Every structure is written in structure tokens, then in C-alpha cells.
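> Submitted below is the structure of interest, expressed as C-alpha cells.
The values are calculated or read from the model by the stated rules, or taken from the named source; none is laboratory data. It should be emphasised that the depicted structure is a prediction, and the values quoted were computed from it without experimental measurement. Cβ placement follows ideal geometry from the backbone for every residue including glycine, while neighbour counts extend to all protein chains displayed. Accessible surface is based on the protein model in full, side chains and every heavy atom, while ligands, DNA and RNA are left aside. Shrake-Rupley method; radii C 1.70, N 1.55, O 1.52, S 1.80 Å.
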Amino acid sequence: MAWIHLVTILALFQFLLFATLVGRARVKYKVQAPATTGNEIFERYYRVQMNTLELLVMFLPALWIAASYWDPRWMAAVGAVYLLGRMLYLRAYTTAPRSRGPEYMLSVLPVITLVSAGLAGVAPALV
């Protein structure tokens, strides 16, 4: 389970990084709190952070549930793909938002995989 712990910690640090980037963009582009609009580049960073939060709510429980039924190393590897996808999504969304589709899928597909693995693990236990 150490790999699951590591992926969890990295996901939390990644979210903190994205929050820090939003804070820096807020200062750089002079978007006063609590505003979340006002500069397109700032809004891109903000959307990456919010989209990551939306996925994180599904990713973390799915990671832990799936890892309790399947080899944690494999589930951690799926989690690592999610983390990579989030970093690529950050780059794509902040530089060319219209081309972010593949990077987004690289984040969503691991979440779907983990949710499905968790369901496949728990379903037999309910019968």
C-alpha cells in the first residue's frame, strides 16, 4: 500500500501546486480576490485548479477502494497516469485550451478505470 500512499500524497501536492499557480496568476494578472474572472490567462489556471478538484473528489476514493481489491502496485500505476494527465492538462489548458482534449482524457480514463476496478472488486463481496 506504500505506492497508494505515495500516489495520494503526490496528488495532494499536485493540487497544492495548482493552487499556488492560481495565486501567482492572480497577482500577475491583477485579479483581486474574491473575483474568479477578469483575465483570460488567470481564468485558465483557475479552471485547471477547479477541474482538478472536481476529479480529485472521485480519484482519491476510487484509488483506495480499487487498491483494497486489486494489486495496489497496479492501481498506483493507474494513479500515476492520472497525475501525468493532470500535468499535461495544465500545460495544454494554459497554453492552448482548445487542444486540451487528449490531456483531459489522460486524467479521466484513469478515474473511470479505478471506479470500475473498485466496483468489480466490491460487487462479488455483496453477493
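To keep it simple, each residue is scored yes or no on (1) in a helix (DSSP H, G or I); (2) touching a residue at least 60 places away in the same chain (Cβ under 8 Å); (3) in contact with a Lys or Arg (Cβ under 8 Å, 6 or more places away or on another chain); (4) over 23 Å from residue 122 (Cβ atoms).
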| position | (1), (2), (3), (4) |
| --- | --- |
| 3 | yes, yes, yes, no |
| 31 | no, no, no, yes |
| 34 | no, no, no, yes |
| 37 | no, no, no, yes |
| 52 | yes, no, yes, yes |
| 67 | yes, yes, no, no |
| 73 | yes, yes, no, no |
| 87 | yes, yes, no, yes |
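> Within segment 48-70, identify whether any single residue is in contact with a Pro (Cβ under 8 Å, 6 or more places away or on another chain) and surrounded by fewer than 20 Cβ atoms within 10 Å (Cβ to Cβ), and answer yes or no.
Scanning segment 48-70, I find no residue that is in contact with a Pro (Cβ under 8 Å, 6 or more places away or on another chain) and surrounded by fewer than 20 Cβ atoms within 10 Å (Cβ to Cβ), so the answer is no.
> Residues to consider are 125, 120; find the one that is within 20 Å of residue 1 (Cβ to Cβ), assigned to a helix (DSSP H, G or I), at pLDDT below 95 and of a type in the set (A, V, I, L, M, F, W, C).
125
> Just to verify a result, which residue in segment 99-113, among those that are surrounded by fewer than 19 Cβ atoms within 10 Å (Cβ to Cβ) and of a type in the set (Gly, Ala, Ser), is modelled with the highest pLDDT?
By that ranking, first place goes to 101.
> Counting only residues that are open to solvent by 40 Å² or more (accessible area, probe 1.4 Å) and among the small types (Gly, Ala, Ser), how many does segment 20-34 have?
1
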